[in-house]
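Read the structure below first, then the notes.
Taken together, the values in this text are just the output of simple stated rules run on the coordinates, not laboratory data. All of these numbers come straight from a predicted model, not from anything done at the bench. So basically every Cβ, Gly included, is an ideal-geometry build from the backbone, and we count neighbours across all protein chains shown.
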Amino acid sequence: MNSFQVLTPNNIEELEEALNKVTSKSKVLAGGTDLVINLYNKEIEPDLIIDLSGINDLRYINKENNNLVIGSTTTFTDIAENELVNKYAPFLVELARKFGSEQVRNRATIGGNIATCSPAGDSLPALLALDATVDIMDKEGEIDNIPLEKVLIGPGKTILKNYQVIVAVKFPIHDSQWINTFVKLGTRAAVTIARINLAVNVQYDSDTNTIRKAKVGLGAVGKTAFRATSVEELLKEKVVSSELRDQFADYLSKEVQKSIPGRSTLPYKEVAVKGVAYQAFDNLFKK
Amino acid sequence: MQIKFKVNGRKYDLDLDPKLRLIDILREELELTGTKEGCGEGECGTCTVIIDKQAVNSCLILAPQIRNKEIITVEGLEKDGELDKLQESFIKNGAIQCGYCTPGMLMSAKALLMKNPKPSKDEIKDAIAGNLCRCTGYNKIVSAIEEVVDNKS
């Protein structure tokens, strides 16, 4: 492995300076749970690495106006243990607890999970189901706020340029009628890449047992995680029933068929997603 | 790259190749070979050490990231020639066969008890979910940790 330079900015100003030194081969390092592996597998050969781990200003979880804002170097352990997240988006706590292992959670960052943009990235379906947006800073210190679905372009590919870095992810606080759940299907109970990820966020009127609105994020069944809009339409203004539960599973299966036609895993995933669907539905509505 | 850090209470100030991982620094530079490399990908937990009271995979941490950090390795569990309670319990409960996963298991257990002195059995299992063992079947490792928890009460 060739040598590379490492810059260790301590704050945002120094980060800006560092971003002015990048080339097309430069990389940004946060938790390292993807990058260090890629480095040692020789999948990447950077000339420069910018280490974000010393920038405390990027590691926070705040309520700002009506949004929850999470700094990009916030770890999954930080998220799993956070009261604000537990209050306003409990399925993020659910997924954070299942993410990797304790050792990985203590290092992996939410900004890194977005930037790595794995089709199976655990946080992505849930963030999509929260209508999350991403603050991206460039080498001039300019910050653009971009909807997450526009940031994720393809497997391992985001819209980020070399001189840009994710500084925060934020989402609007959903009122107390919103309930949510996250289900991950993997080959084992922990430390596993998702075969299917499902995040369901619904506005539920318990008096009339009706789903008013739904936001459904699906992952590991396509080039990137995405919102299953046909499923959201299905659930809108519907009374919760066992028929709806079956339709929910059916529609998700059709979304998988539409998303990975011809993939060798399709026969497995178009059926397996129904099990994931039933689990999610029951998590939300089975009393 | 000049890096200052602490391992098992001892201060170091070394010029290190930035592309080294923490596991390489521990084993090669400091000759603390208690920490083992298993997969090198953060999947097996064999390389687990504690940084700032948290269990982490040392194979995933690049040299510059240990600056100003306090690291504890398995060698740091022993105090004045006395084994840590966890180490004694592992031995007593037959939680060690080949011993390769043991340092990582001990560090995950130690980190757990530093954060939560009275974990439930499920919490113990979650804490070691990132540590693979090919020999013991895990039950005796869990019992060994439980015994330390019970004896603390």
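Once amide H atoms are placed 1.01 Å from N in the peptide plane, what residues at a sequence separation of 5 or more from A:Ser72, or on another chain, have their amide H within under 5 Å of its amide H?
The list, which skips near neighbours in sequence, is A:Ala168, A:Val169.
Over 30 Å between Cα atoms: which of A:Lys215/A:Lys269; A:Lys269/B:Lys110; A:Lys25/A:Lys215; A:Lys42/A:Lys87; A:Lys27/B:Lys4 fall into that group? Intermediate values should be presented prior to the final figure.
Values: A:Lys215/A:Lys269 21 Å; A:Lys269/B:Lys110 39 Å; A:Lys25/A:Lys215 37 Å; A:Lys42/A:Lys87 42 Å; A:Lys27/B:Lys4 24 Å.
Where the Cα-Cα span goes over 30 Å, the pairs concerned are A:Lys269/B:Lys110; A:Lys25/A:Lys215; A:Lys42/A:Lys87.
Could I get the Rg over Rh figure for the stretch A:28-130? Both from C-alpha atoms, Rh via Kirkwood, rounded to two places. Could you put the intermediate results ahead of the total?
Values: Rg = 13.9 Å, Rh = 14.2 Å.
That ratio equals 0.98.
Would you please name the trypsin sites (Lys or Arg not before Pro) within the stretch A:1-83 that are DSSP coil residues with at most 15 other C-beta atoms within 10 Å of their C-beta?
A:Lys21, A:Lys25, A:Lys42
Taking only the alpha carbons of the stretch A:76-187, what extent do you get along each of the three principal axes, in Å, biggest first?
So the three principal-axis extents are 37, 34, 23 Å.
Taking chain A as a Gaussian network, where each spring joins two C-alpha atoms under 10 Å apart, which residue of A:Gly154, A:Gly262, A:Gly71 fluctuates the most?
A:Gly262
Per residue of the stretch A:80-88, what does 6.51 cos²θ - 1.76 cosθ + 1.60 with θ = phi - 60° give for ³J(HN,Hα)? Whole Hz please, x for Gly and Pro, Karplus curve as stated.
Computed from phi, the couplings for the stretch A:80-88 are 4, 9, 8, 5, 5, 5, 5, 7, 9 Hz.
Using just the alpha carbons, could you tell me how many Å³ per residue the convex hull of the stretch B:56-121 encloses?
Hull volume over Cα atoms, normalised by residue count, gives 128 Å³.
With only Lys, Arg, Asp and Glu charged, each at its Cβ (+1 for the first two, -1 for the last two), find how big the charge dipole of the stretch A:197-287 is about the Cα centre; round to the nearest 20 debye. The partial results should precede the final answer.
Numbers: 15 positive and 11 negative charges, 65 e Å.
That gives the stretch A:197-287 a dipole magnitude of about 320 debye.
Send over the per residue convex hull volume for the stretch A:124-260, Cα only, as a whole number of Å³.
Cα-based convex hull of the stretch A:124-260, divided per residue, equals 128 Å³.
Hey, got the dipole for the stretch A:211-257? About the Cα centre, +1 on K and R Cβ, -1 on D and E Cβ, debye to the nearest 20? Walk me through the numbers on the way to the answer.
Values: 9 positive and 7 negative charges, 52 e Å.
Using Cβ point charges on Lys, Arg, Asp and Glu, the stretch A:211-257 gives about 240 debye.
Based on the Cα atoms of the stretch B:1-71, what semi-axes does the equivalent ellipsoid have, where each is the square root of 5 times one gyration tensor eigenvalue, given in whole Å with the largest first? Walk me through the intermediate numbers first.
On the way: eigenvalues 64, 33, 24 Å².
Those come to 18, 13, 11 Å.
To two decimal places, what compactness ratio does the stretch B:1-131 give when its Cα radius of gyration is scaled by 2.2 N^0.38 Å?
That ratio works out to 1.03.
Which log10 I(q)/I(0) values does the protein assembly as shown give at q = 0.11, 0.13 Å⁻¹ under the Debye formula, counting every alpha carbon as one identical point scatterer?
Debye intensities relative to I(0), on a log10 scale: -0.90, -1.19.
What is the dipole size for the stretch A:48-118, taken about its Cα centre, with +1 at each Lys and Arg Cβ and -1 at each Asp and Glu Cβ, in debye to the nearest 20?
On the way: 7 positive and 8 negative charges, 33 e Å.
Roughly 160 debye for the stretch A:48-118.
Using Cα pairs under 8 angstrom and six or more residues apart, how large is the relative contact order of chain B, in percent?
Dividing the mean separation by the residue count of chain B yields 24 percent.
Taking R0 as 41 Å, what's the FRET efficiency between A:Lys42 and A:Ile159 from their Cβ-Cβ distance, rounded to 0.05?
Computed FRET efficiency for A:Lys42 and A:Ile159 comes out at 0.95.
In terms of modelled amide H atoms, which long-range or inter-chain residues lie less than 5 Å from the amide H of B:Ile71?
Amide H neighbours of B:Ile71: B:Lys6, B:Val7, B:Asn8, B:Gly9.
Explain nothing, just compute: Karplus ³J(HN,Hα) = 6.51 cos²θ - 1.76 cosθ + 1.60, θ = phi - 60°, for every residue of the stretch B:12-28 in order, whole Hz, x for Gly and Pro.
Those phi angles translate into 10, 9, 10, 8, 10, 5, x, 7, 5, 8, 4, 4, 5, 5, 5, 7, 8 Hz.
Taking each residue in B:53-59, count the Cβ atoms of any other chain within 10 Å of its Cβ, then average. What number comes out?
What the average comes to for B:53-59 is 6.
May I ask for the angle, rounded to the nearest 10°, between helix A:242-259 and the longest principal axis of chain A, with both axes built from Cα atoms and the value confined to 0 to 90°?
40
I need to check one value: relative contact order of the stretch B:52-114, counting alpha carbon pairs closer than 8 Å and at least 6 residues apart, in percent.
Relative contact order comes out at 46 percent.
Relative to the present Cα-Cα distance, how much length would full extension add between B:Lys118 and B:Asp17 at 0.36 nm per residue of separation?
Gain on stretching B:Lys118 to B:Asp17: 32.3 nm.
Between A:Thr187 and A:Asn67, with labels modelled 7 Å along Cα→Cβ, what's the label distance in nm to one decimal, could you check?
So the label points at A:Thr187 and A:Asn67 sit 3.9 nm apart.
Any chance you could give the angle, 0 to 90 degrees and rounded to 10, that helix B:139-152 forms with the longest Cα principal axis of chain B?
Rounded to the nearest ten degrees, it is 90.
From the backbone phi of the stretch A:133-145, what are the Karplus-calculated ³J(HN,Hα) couplings (6.51 cos²θ - 1.76 cosθ + 1.60, θ = phi - 60°) in whole Hz, Gly and Pro given as x?
Result, rounded to whole Hz: 10, 10, 8, 10, 9, 10, 6, 9, x, 6, 10, 9, 9.
When only C-alpha pairs under 8 Å and at least 6 residues apart count, what is the relative contact order of chain A, in percent?
15
Roughly how tilted is helix A:266-285, in degrees to the nearest 10 and between 0 and 90, from the longest Cα axis of chain A?
Here the helix axis deviates by roughly 70 degrees.
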